[in-house]
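One structure is given here, and the rest of the page talks about it.
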Amino acid sequence: MLVVMKPHATEAEIEAVVEKIRGLGLTPHPIPGAQRVAIGVTGNKGGIETAQFETMPGVADAIRVSQPFKLVSREVKEEDTVIDVGGVPLGGKALAVMAGPCSVESKEQILEVAHAVKAAGARFLRGGAYKPRTSPYEFQGLAEEGLKLLALAREQTGLKVVTEVMDAETLPMVADYADVLQLGARNMQNFSLIRRLGAIRKPILLKRGPSATIREWLMAAEYVVAGGNYQVALCERGIRTFETMTRNTLDLNAVPVLKALTHLPVIVDPSHGIGLRAHVAAMARAGIAAGADGIIVEVHPRPEQALSDGQQSLLPREFEELMRQVRVIAGAVGRSV
Ligand code: PEP
Ligand code: MN
């Protein structure tokens with residue numbers, strides 16, 4: 001249920017509704033909007049009698065939310081969510097551009113890429129220190145050493161760090177270093193981990209599971225938000241289909257569909273989405289044109305030597321060229337970079 005307050009409802013009236021919800025053994029989620037505050041209610045097993053709220057002072061309406069994902073739905077919050085990542089917006093009119101290597105490999109590598117993507121216009125540096133690899137014999141990431149290198153790159157460039165958290169055990173440490181915690185595709189339905197992400201106060205980039213429907217993905221986001229962490233962005237990174245010419249199938253349908261269903265920011269990952277360097281830029285441009293709130297792109301100065309995902313990593317000069325194109329497309333769809 002959603003309790004919609006009147007535009008000029010007082011703090012005391014809002015607090016009275018919050019207290020009443022708590023008194024029923026339920027959880028209130030006050031959601032400030034441009035015009036008015038709405039209070040989402042979770043924790044109920046069946047329907048809640050709306051009349052008991054409708055008669056309270058300052059309440060405009062109490063409505064049942066029809067979607068199974070409630071707090072992340074547009075029904076509950078009409079305005080786009082803009083996450084403030086230490087002064088850099090994630091969501092809203094300005095596109096969030098995230099770029100960097102698949103994995104942090106060395107001090108020289110991460111600093112070189114960080115300076116290059118910063119110069120090209122990125123505001124976020126991506127890079128994995130804990131890598132979910134298909135084979136146990138492949139590079140697994142530099143672990144805490146990699147996180148320290150990301151922190152050093154942030155210090156030198158001012159870029160915000162986006163890095164993956166793989167398990168609950170390392171979550172506190174990764175959260176200490178990261179500005180945005182990436183929850184990888186393979187973990188999208190790791191319910192114990194996503195519950196923990198709901199309990200912390202750090203922005204989350206929730207990647208879509210390779211076989212997850214949009215509904216399942218939104219339900220995963222709902223876990224995080226229902227836990228009290230409202231700073232969630234969604235990342236389309238391609239789904240598994242019958243097609244074998246590309247690594248995954250970037251589901252650009254998801255972009256406008258999500259923008260209609262949810263207020264959360266939507267980021268497109270063309271690198272994992274198509275998996276082929278030659279075509280990454282095309283899909284990045286398409287993602288922005290489709291209405292994404294940003295992109296996350298793999299960039300490596302020597303892709304042929306990369307320890308992971310070299311085949312889909314852009315060279316710094318290719319990323320620079322992509323940024324030029326992104327600026328043009330952003331202008332055409334009413335966005336800025
Ligand atoms: C990555 O970003 O390098 C990554 C492992 O992504 P995904 O979880 O989408 O496969
Ligand atoms: Mn990768």
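The values are calculated or read from the model by the stated rules, or taken from the named source; none is laboratory data. Quick caveat: nothing in here was measured; it's all calculated off a predicted structure. Heads up, the Cβs are rebuilt from the backbone with ideal geometry, glycines too, and the neighbour counts pull from every protein chain shown. The protein model used for the area step is the full one, side chains on, heavy atoms only, and it has no ligands, DNA or RNA in it. Shrake-Rupley method; radii C 1.70, N 1.55, O 1.52, S 1.80 Å.
Among the residues of region 269-317, write down those that are among the acidic types (Asp, Glu) and either surrounded by fewer than 18 Cβ atoms within 10 Å (Cβ to Cβ) or out of contact with any helix residue (DSSP H, G or I) (no Cβ under 8 Å at 6 or more places or on another chain) (or both).
ASP269, ASP293, GLU304
The selection criterion, being away from ligand 2 (no atom under 16 Å from the Cβ) and surrounded by 15 or more Cβ atoms within 10 Å (Cβ to Cβ), does not hold for GLU169.
The residues of region 238-258 that are touching a strand residue (DSSP E or B) at 6+ places or on another chain (Cβ under 7 Å) and in a helix (DSSP H, G or I), listed by number, are ALA254, VAL255, LEU258. For region 72-111, filtering for residues that are in a loop (DSSP other than H, G, I, E, B), in contact with a Pro (Cβ under 9 Å, 6 or more places away or on another chain) and under 30 Å from ARG302 (Cβ atoms) leaves 1. Against the conditions (1) at pLDDT 95 or above; (2) within 16 Å of ligand 2 (Cβ to nearest atom), THR134 satisfies every one except (1).
Do we have any residue at all in region 226-242 that's aromatic (Phe, Trp, Tyr) and more than 14 Å from ligand 1 (Cβ to nearest atom)? Before the answer, list the steps.
Residues of region 226-242 aromatic (Phe, Trp, Tyr): 230, 242.
Narrowing further to those that are more than 14 Å from ligand 1 (Cβ to nearest atom): 230, 242.
Yes, region 226-242 contains a residue that is aromatic (Phe, Trp, Tyr) and more than 14 Å from ligand 1 (Cβ to nearest atom).
Residues that are within 14 Å of ligand 2 (Cβ to nearest atom) and among the acidic types (Asp, Glu) within region 100-131 comprise just one, GLU105.
Kindly indicate whether ASP61 is of a type outside the set (S, T, N, Q), within 19 Å of the chain's Cα centre (by Cα) and not in a helix (DSSP H, G or I).
On the way: of a type outside the set (S, T, N, Q): yes; within 19 Å of the chain's Cα centre (by Cα): no; not in a helix (DSSP H, G or I): yes.
Judged against the criteria, ASP61 is not a match.
Pairs are defined by a Cβ separation below 7 Å, a sequence spacing of at least 6 or placement on different chains, a first member in region 116-141 that is without any contact (Cβ under 8 Å) to a residue 60 or more places away in the chain and farther than 29 Å from GLU320 by Cβ, and a second member that is in a loop (DSSP other than H, G, I, E, B) and among the charged types (D, E, K, R); the pairs so defined are GLN140/LYS131; GLN140/ARG133. Against the numbered list (1) at pLDDT 95 or above; (2) in a loop (DSSP other than H, G, I, E, B); (3) under 21 Å from PRO270 (Cα atoms), GLY141 comes up short only at (3).
Any idea which of ILE21, ILE39, ILE31 is over 21 Å from ARG74 (Cα atoms) and open to solvent by less than 30 Å² (accessible area, probe 1.4 Å)? Reasoning before the result, please.
Details: ILE39 fails: over 21 Å from ARG74 (Cα atoms); ILE31 fails: over 21 Å from ARG74 (Cα atoms).
After applying the criteria, what remains is ILE21.
The test for being touching a Ser or Thr at 6+ places or on another chain (Cβ under 9 Å) and part of a helix (DSSP H, G or I) holds for ILE21.
Within region 88-103, residues that are of a type in the set (Val, Ile, Thr) sit with their Cβ atoms under 8 Å from residues that are modelled with pLDDT of 95 or more and in a strand (DSSP E or B), at 6+ positions apart or across chains, in these pairs: VAL88/ALA96; VAL88/PHE124; VAL88/LYS160; VAL97/PHE124; VAL97/GLY294; VAL97/ILE295; VAL97/VAL297.
Could you say which residue among VAL266, VAL257 is open to solvent by 20 Å² or more (accessible area, probe 1.4 Å), away from ligand 2 (no atom under 16 Å from the Cβ) and in the same structural domain as ARG215 (by TED's automatic domain parsing)?
Values: VAL266 fails: open to solvent by 20 Å² or more (accessible area, probe 1.4 Å).
One residue alone meets the criteria, VAL257.
When residues in region 119-157 are screened for being among the charged types (D, E, K, R) and under 20 Å from the mean Cα position of the chain (by Cα), 4 of them pass. Of the residues making up region 116-166, those that are open to solvent by less than 20 Å² (accessible area, probe 1.4 Å), within 14 Å of ligand 1 (Cβ to nearest atom) and among the aliphatic types (A, V, I, L, M) are LEU125, ALA129, LEU150, VAL161, VAL162, VAL165.
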